[in-house]
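S.K.: Could you have a look at this structure, given as structure tokens, before my questions?
The values are calculated or read from the model by the stated rules, or taken from the named source; none is laboratory data. Since we're looking at a predicted model, the values are computed, not measured. Note that we place each Cβ from the backbone using ideal geometry, even for glycine, and neighbour counts take in every protein chain shown. Surface areas here come from the heavy atoms of the whole protein model, side chains and all, with no ligands, DNA or RNA. Shrake-Rupley method; radii C 1.70, N 1.55, O 1.52, S 1.80 Å.
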Amino acid sequence: MEIPELTIQQAIALDRPFTGGTHAAAVAGTRGIATHSSLVVPLFASTMFLSGFLLFLVEPMAARMVLPILGGVPMVWNGCVVFFQIMMLAGYGYAFGASRWLHVRHHVVLHAAVLAAPAAVLPFMIQAGSVTPPDGNPLGWLLLLLAGTIGLPFFVLSTSASVFQHWLSRTDHPSARDPYFLYSASNLGCLLALASYPTVVEPMLTLRGQTRLWTTGYAAFVLLAGACAVFAWRRTGSSRPHTAAVADPSVELTCAPITGVRRARWVALAFVPSSLMLAVTSYLSTDIAAVPLLWIVPLALYLLTFALAFGRHSTAAGAVARRALPLLAVPLALFMIANLRAPLTAIVLLHLAAFAVMALSCHADLAQDRPEPSRLTEFYFWVSLGGMLGGLFNTLAAPLLFDSIVEYPLVVVAACLLFRVSDAPAPSRRVKADVVAPLVVGALTAAILVVLRARGASLSLQLAALSVPAVLTFTQRRQSTRFGLCMAALIVVSFAFGNAGERVLYATRTFFGVYRVNEDLAGRYHGLAHGTTLHGMQALAPERRREALTYYHETGPFGQAWRALPAATGREIAVVGLGVGTLATYARPEQRWTFFEIDPAIERIARTREYFSFMEACGDRCRVVIGDARVSLGRVPEHAYDLLVLDAFSSDSIPMHLMTREALSLYVSRLAPGGALVMHVSNRHLRLAPIVARLAASQGLVGVQEIDQQIESIGPWPEGKSPSHWIVMARNAADLDRLSKDARWSPLAASASTPLWTDDFSNILSVLSVR
């Protein structure tokens, strides 16, 4: 029988001296081992692939489950991220400790118990009626809830990357010398789960169906893990092959002592890509284009760079990244300094490409510096710690420290400082140049900005002038230390002078995003921007201070509805979403208005007279309730409001838990007899009207809608007015009164093909509009 080529190579690798038996028996035994060994790598790779897939599948599932309970506050997702990162570090810590203190066979026995433990909580499900969150900050409660439901299975899966590579490294298999390539299989599994959840799993399955699928997947993982354990038990030995397969033949594992400096470098090389991934996501979503699901692309690139760096061609991948980094990092810095946002496609691609090569450069350096397999679990522990610190820095620290996405340029600087062309130390004669060149770049950048901005130079002229220090920085790319310091000088000095072309009156940052109060260049309007979304505007001319602008103009759909609806004459009015308080201009003397706003910073801005005066003019008639609207409305008595306005969906990151069957049922229960529900669904990327129509039909509501757009044939468009899309719903057609007879309004018709969003099911891809 002909032996495959790979099997012959493995047989040669296993050929070593035998202490007993005949030569024929030794050869036969070697061939038998070689044939059996051909299945080992696929077995371990499949196990790690499935563990990575299940890890990244359970994260969005858990977040979706707790969303209706705690509301759409970012603290919910932030809390989930913190939990996942803590559990990942705990899993790597377990693997590190077990590898140091237990023999492989003892570890196999222990891990068998660990694998079986999640049976006590599977299938997991977190339902809104089954748990009650506490008053005040629920972060601690959320962490305990997640620990009691998905904590065990997530912990087990997080151990896989270290445990199975460690087990393989302790066997006599040819791949035992360098099992790091298996890490690529784990990251590819994560990548597939990341792509599958929003495109396949969420659109096709309810949350309960997802948990059943996930539990089945975990059972398959346990079977594969058991097979790996059997192999590790049978093939563990103190001796190793003299010659073994290496993931990348051009890479030699580093046998240098593991010092504190080396561990710190591992942490830094893991910290930067993790932080950079979150930073570029925040920057693109806040300052460039807030497109739904955009966060998937940086995360996918992050996982892909890990897979490439630890794959069989890591040396080539690292070389490409190091060549490309200066080519992309310098123009990236220049565009960030100039705050360029167009052309959109080119800008987004530049940011993503620069992030990819920086992450790949760091991960390739990590792979190149990986220690011998006996220290594998410790290596992964420090890598996990760096990744966790990077995530915590962006998720928890940055919103408290900065009022804009400052962490992005800072981490770009860190990536450039870690950039290494080669490991050869620089000659002493170059040390002076490493200091002088960055000083020249910094001084030149400062001089250009001072002179040109003092003279009111155009943005294009500033950009052209800044190209000089940028080109000077690029010329230093062959000297990594000098290049990193020049990049630091260019970016830090530029950002110290602030972005060009903006007149920002106030900026703040919370866990909900970055807010800017701007004044137009002509000094006629103040506006509130949340990233790239305008949340309200007020005219500064005294005669127009009470005029409702943008989406709320009196000639627009809301103004028409306000004049036509009988419910608008009622005493109690509720609004979900405050913005700058524009709708308060419609408040009648005898009415009481309640605004439900999730972010206290928005109320502070709306009540600051130097910026906006709508709330001040409304006085005691308008009050604000801080908190998630769905949770807050749940505490309100039934039939409390005559009119309920939902104005929380104009952003491109919509709170989906506010647009489900259960949420709409709550809204209707809070409406008085004859009441009406008014919903603002203007959105650049999402078609929300079909979902609202389907929800209305499920509750037996009637509705009308109007899309108000600027059409020159109709007449002049009022200054300060924005196009908008509004929907009005009521229990009976009579409650819509004149609005249903207005030719500008059309009936809200539901389609049977439109999915019904519930707390258990939603599909954002079904409403995504590509423009």
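S.K.: Based on the mean of other Cβ atoms within 10 Å per residue, sort peptides 723-731, 736-744 so the most packed one is first.
M.R.: Highest-to-lowest ranking by the protection proxy: 723-731, 736-744.
S.K.: Given the Cα-Cα distance of A219 and E616 and 0.36 nm per residue of separation, how much length would full extension add, in nm?
M.R.: Details: separation 397, 0.36 × 397 = 142.92 nm, distance 6.02 nm.
My answer for the length gained is 136.9 nm.
S.K.: Cβ neighbours within 10 Å, averaged per peptide: list 572-583, 398-409 in order, most packed at the top. Intermediate results must be reported in sequence, preceding the final value.
M.R.: Values: 572-583: 26.0, 398-409: 18.9.
The peptides rank, most packed first, as 572-583, 398-409.
S.K.: Whole angstrom only: what separates the Cα centroid of region 579-641 from the Cα centroid of region 77-103?
M.R.: 44 Å
S.K.: Using amide H atoms built 1.01 Å from N in the peptide plane, name the residues 5+ places from H685, or on other chains, whose amide H lies under 5 Å from its own.
M.R.: Residues meeting the criterion, in which the H sits 1.01 Å from N, do not exist here.
S.K.: Leaving ligands and nucleic acids out of the surface, order V431, V636 by accessible area at 1.4 Å, largest first.
M.R.: Working: V431 80, V636 25 Å².
Order by accessible area, largest first: V431, V636.
S.K.: Which value, in Å², gives the accessible area per residue of region 568-630 when a 1.4 Å probe is used on the protein heavy atoms?
M.R.: It amounts to 37 Å² per residue over region 568-630.
S.K.: With a sphere of radius 12 Å drawn around the Cβ of Q699, what net charge do the other residues whose Cβ falls strictly inside it have (Lys, Arg +1; Asp, Glu -1)?
M.R.: +2
S.K.: Let me ask another. Roughly how far apart, in whole Å, are the Cα centres of region 160-227 and region 674-705?
M.R.: Using only Cα atoms, the two centres lie 41 Å from each other.
S.K.: Net charge around Y197, counting only other residues with Cβ within less than 11 Å of its Cβ (Lys, Arg = +1; Asp, Glu = -1)? Please list the in-between numbers first.
M.R.: On the way: positive: R64; negative: E59, E202.
Neighbour charge sum, excluding Y197 itself: -1.
S.K.: Can you give the local net charge around G484? Use residues other than it whose beta-carbon is closer than 12 angstrom to its beta-carbon, Lys and Arg +1, Asp and Glu -1.
M.R.: Values: positive: R420, R477, R482; negative: D434.
Once positives and negatives cancel, what remains is +2.
S.K.: When the accessible area of region 481-570 is split by element with a 1.4 Å probe, what percent falls to carbon and sulfur?
M.R.: Percent of accessible area from carbon and sulfur atoms in region 481-570: 58.
S.K.: Mind computing the radius of gyration and Dmax over the alpha-carbon atoms of region 79-227? Å is fine for both.
M.R.: In order Rg, Dmax, the Cα atoms of region 79-227 give 17.2, 58 Å.
S.K.: Here is a follow-up. Suppose R0 equals 41 Å. What FRET efficiency, 1/(1 + (r/R0)^6) with r the Cβ-Cβ distance, do A446 and R524 give to the nearest 0.05? Each step should come with its number before you reach the end.
M.R.: Details: r = 33 Å, r/R0 = 0.82.
Rounded to the nearest 0.05, the efficiency is 0.75.
S.K.: What accessible area per residue comes out for region 448-493, rounded to a whole number of Å², with a 1.4 Å probe?
M.R.: 47 Å²
S.K.: Which percent of the accessible area of region 596-647 is formed by carbon and sulfur heavy atoms (probe 1.4 angstrom)?
M.R.: It is 46 percent, rounded to a whole number.
S.K.: Report in % the part of the accessible area of region 716-769 that belongs to carbon and sulfur, leaving out ligands and nucleic acids; probe 1.4 Å.
M.R.: Solvent-exposed carbon and sulfur of region 716-769 make up 56 percent of the total.
S.K.: Which value in nm describes the separation of the simple spin-label points at V200 and H106, placed 7 Å from the Cα toward the beta carbon?
M.R.: With each label point 7 Å from Cα toward Cβ, the separation is 4.2 nm.
S.K.: For region 312-353, what is the accessible area per residue in Å², given a 1.4 Å probe and the full set of protein chains?
M.R.: Details: 1880 Å² over 42 residues.
Heavy-atom accessible area per residue stands at 45 Å².
S.K.: Looking at region 496-607, send over the antiparallel percent of its DSSP beta bridges, to the nearest 5.
M.R.: Restricted to region 496-607, the bridges split so that about 75 percent are antiparallel.
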